[in-house]
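In what follows, a structure is listed as structure tokens, so that the remarks can point back to it.
Only the coordinates and a few stated rules stand behind these numbers; no lab work does. Values in this document were obtained by computation on a predicted structure and should not be read as measured data. Glycine gets a Cβ as well: all are built from the backbone with ideal geometry, and neighbour counts include every protein chain shown.
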Amino acid sequence: MTTQQNTQNSVAPLRISAGWQATPYSMVFLLFFLIPLGLILMVSFWEFNEYEMIPTFTWHSYISIFEGCTQLNEYGDTCVTLKTYGSTIRISLIVWFITLILGFSVAYFLAFCVRTTAMQTMLFVLCTVPFWTSNVIRMISWIPLLGRNGLVNQSLVGMGLVDQPVEWLLFSEFSVVLAFVHLYTMFMIVPIFNSMMRIDRSLIEAATDNGATAWQTLWSVIIPLSRTGIIIGSIFVITIVMGDFVTIGVMGGQQIASVGKIIQVQTSFLQFPLAAANAVILLLVVLMIIWGLTRLVDIRKEL
Amino acid sequence: MANQNFEPKRPAGYVGLLTVFVLFVIFLYGPMATIFILSFQGPDGGLTFPLQGVSLHWFYKLAEGLGVVDIGAALKRSLVLGLVVMSLTMVMSVLAGLAFRKKLRGGNALFYVTVASLIMPSIIVSLGIGLQFRLLDSALKWCFEYFAMTGMLDTFGTSLGLYSSALGAHLTWTLPFGLLIMFAVFNRFNPAYEEAAQDLGATHWQTFKHVVFPLIAPSVVGVGMFGFTLSWDEIARTSQAIGDVNTLPLELQGLTTTVTNPAIYALGSITTMVSFLVIGLTMLAVKLLSKRRT
């Protein structure tokens, strides 16, 4: 107890109280995060016309979003909202699966196959540098490769594998998923690598000495101990893809629907109550996913 | 390999994993390399290979401007905003990081808000801030009318802007990274140095200035780099929370649908070079600061 108090006292480097030190930081999140979120919730219950928002309390926006969602239409389809959520969730799952496998493999290579720390740091930085460059540039850099006259099509036609250039390479769901994987695998690699570096190497030796095969060691030792990283990475990737409208817009040729895109379009038409209601629903869906995932870890202990 | 027995065995599947890693790095950098090469496309060349000669033609075209978009002005705006975001991120993150080392009332709540901001879909944050400032506009206009301030009423446009709403939007994205880095730093920080300084009679401020800060300085530079580069490339959170002017990435996003010549690659090469320059300078600074420490 005394040592505890000792550290408490001596750790304080400035005599300014903790509350004051955290004030600028807290104010930013109060002003630009908590209040805006509150306003979204409030405005989602407002009315609007072509010119302005009308303060009131109504469920109109929510009702119009889910209009016709209770039954299938004559073509056997559900409503636009459910379809859009369906396709957004589907893309999220595909991207999540690919980034998880790829990110885990890369992290595993960095953590267990590279011998010197210097090399490890260098290769890790090599993987993370593109994160600090422009996302849009990284997206358009696929055009010379995947376009109608791009490198891939030139080679395919040149080798005689196809007669006509393949159209679905660019501005399609394929290019959207490819761009997501390109942009966000980093969000898987970093937390998983971080978790793997904390694994006590003697545990792996022990498993091997006791006759576990490589797969058994991977499955029963490494994966369970990397769980935190896997979950944090998954949260990042899923929430980013669920709310995205930039990548889907640019790589989908502005043709593919997503929840984020709906919100963006409604905002640009000044239909704020509708956009706000959509934002609330998106938030609930994302929160449900995160809640499911975070119950398993305490992020703070992992830093 | 004579001393193979003394080396730890390569894990199973080494060759496969190495292949995956190499392919992944090519996948990461290959496309960037292609647009870098294509930005030197000859005047007659198009958006794809082959290169029709090598020239700086498209960089000159870019300098002349792309249609109605003033790239120079957008570049300057993004640069200055990035520097402001960088400075604020460094100061606020360090202060908050120090606060979290003491007993901080509401610290848990603040931490959860931080994580929430990090993983909140950006479009929601952007919409919220846009909405907030539009409501503020309405309130201000109502006030001007109420107090019959006609002068203000005529001149007032909107409170949305680069250094109000857009700055706030950027900070909600950069500060969480800043604080998490500070957590990682202070988790590994040995308080013995501080105790020693204070035992020798240093004041709190002296302890911070001469002991704590030099030790955390390389990480603070890292926080600054996060602040600048994340702001420099930010689109999603800025999109709905900016008024009439646009930042460089927003202009760039618009140009992807309108510009159909390699000038856009030239622009891409320039922005990427700025990012690389900042990363390089950061690494240099971190290295120098760490060296001074020992």
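Summary of computed values
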{"read-out": "Alpha-carbon centroids, the range A:136-183 and the range A:188-263: separation in whole Å", "value": "26 Å"}
{"read-out": "Charge dipole (the range B:70-258, unit charges on Cβ, about Cα centre) - positive-most of B:LEU200, B:PHE177, B:ALA139", "value": "B:LEU200"}
{"read-out": "Within 10 Å of each Cβ in B:131-137, the average number of Cβ atoms from other chains", "value": "5"}
{"read-out": "Size of electric dipole in chain A: Cβ of Lys, Arg +1 and of Asp, Glu -1, about Cα centre, debye, nearest 20", "value": "960 debye"}
{"read-out": "Cα gyration tensor shape for the range B:217-294, rounded if a/c is under 1.5, else prolate or oblate", "value": "oblate"}
{"read-out": "Chain A: DSSP helices with Cα axial extent of at least 20 Å and average Kyte-Doolittle hydropathy no lower than 1.6", "value": "A:227-243, A:272-294"}
{"read-out": "Rounded if a/c under 1.5, otherwise prolate or oblate - the range B:126-215, Cα gyration tensor axes", "value": "prolate"}
{"read-out": "Positive-end residue, the range A:78-302 charge dipole about Cα centroid, Cβ charges, pick of A:LEU203, A:MET242, A:PHE109", "value": "A:MET242"}
{"read-out": "Binned Cα-Cα distance frequencies in chain B - 5 Å width, integer %", "value": "1, 5, 8, 10, 11, 12, 12, 11, 10, 8, 6, 3, 2, 1, 0, 0, 0, 0, 0"}
{"read-out": "Rounded, prolate or oblate (a/c below 1.5 giving rounded, otherwise prolate when a/b exceeds b/c) for the range A:78-302 by Cα gyration tensor", "value": "oblate"}
{"read-out": "The range A:78-302: relative contact order as a whole-number percent, Cα under 8 Å and 6+ apart", "value": "26 percent"}
{"read-out": "Cysteines not pairable in the protein assembly as shown (beta carbon separation under 4.7 Å absent)", "value": "A:CYS113, A:CYS127, B:CYS143"}
{"read-out": "Qualifying trypsin sites (Lys or Arg not before Pro) for the range B:232-294 [loop in DSSP, other Cβ within 10 Å: at most 16]", "value": "none"}
{"read-out": "Relative contact order %, the range A:218-293, counting alpha carbon pairs below 8 Å whose residues are six or more apart", "value": "25 percent"}
{"read-out": "Spherically averaged projected area in nm², based on the convex hull that wraps the Cα atoms of the protein assembly as shown", "value": "36.4 nm²"}
{"read-out": "Computed over the range B:41-189, the ratio Rg/Rh where both radii use C-alpha atoms and Rh is Kirkwood", "value": "1.14"}
{"read-out": "Viscosity 0.890 mPa s, temperature 25 °C, Stokes-Einstein D of the range B:161-294 from Kirkwood C-alpha radius, µm²/s", "value": "139 µm²/s"}
{"read-out": "Of B:GLY65, B:TYR112, B:MET32, farthest towards positive along the dipole that unit charges on Lys, Arg, Asp, Glu beta carbons give the range B:1-158", "value": "B:TYR112"}
{"read-out": "Where only alpha carbons of the range B:35-87 are counted, the Rg and the Dmax (Å)", "value": "14.7, 44"}
{"read-out": "Per-residue [θ]222 nm for chain B (sum of -39500 (n - 2.57) over DSSP H runs n ≥ 4, rounded to 500)", "value": "-23500 deg cm²/dmol"}
{"read-out": "Shielding by partners, peptide B:100-106 (average Cβ within 10 angstrom, other chains)", "value": "6"}
{"read-out": "Whole-number D in µm²/s for the range B:85-143 (Stokes-Einstein; Kirkwood sum over Cα pairs; 20 °C, 1.002 mPa s)", "value": "153 µm²/s"}
{"read-out": "Peptides A:109-118, A:267-276 ordered by average Cβ neighbours within 10 Å, highest first", "value": "A:267-276, A:109-118"}
{"read-out": "Percentage relative contact order, chain B, counting C-alpha pairs under 8 Å, at least six apart", "value": "30 percent"}
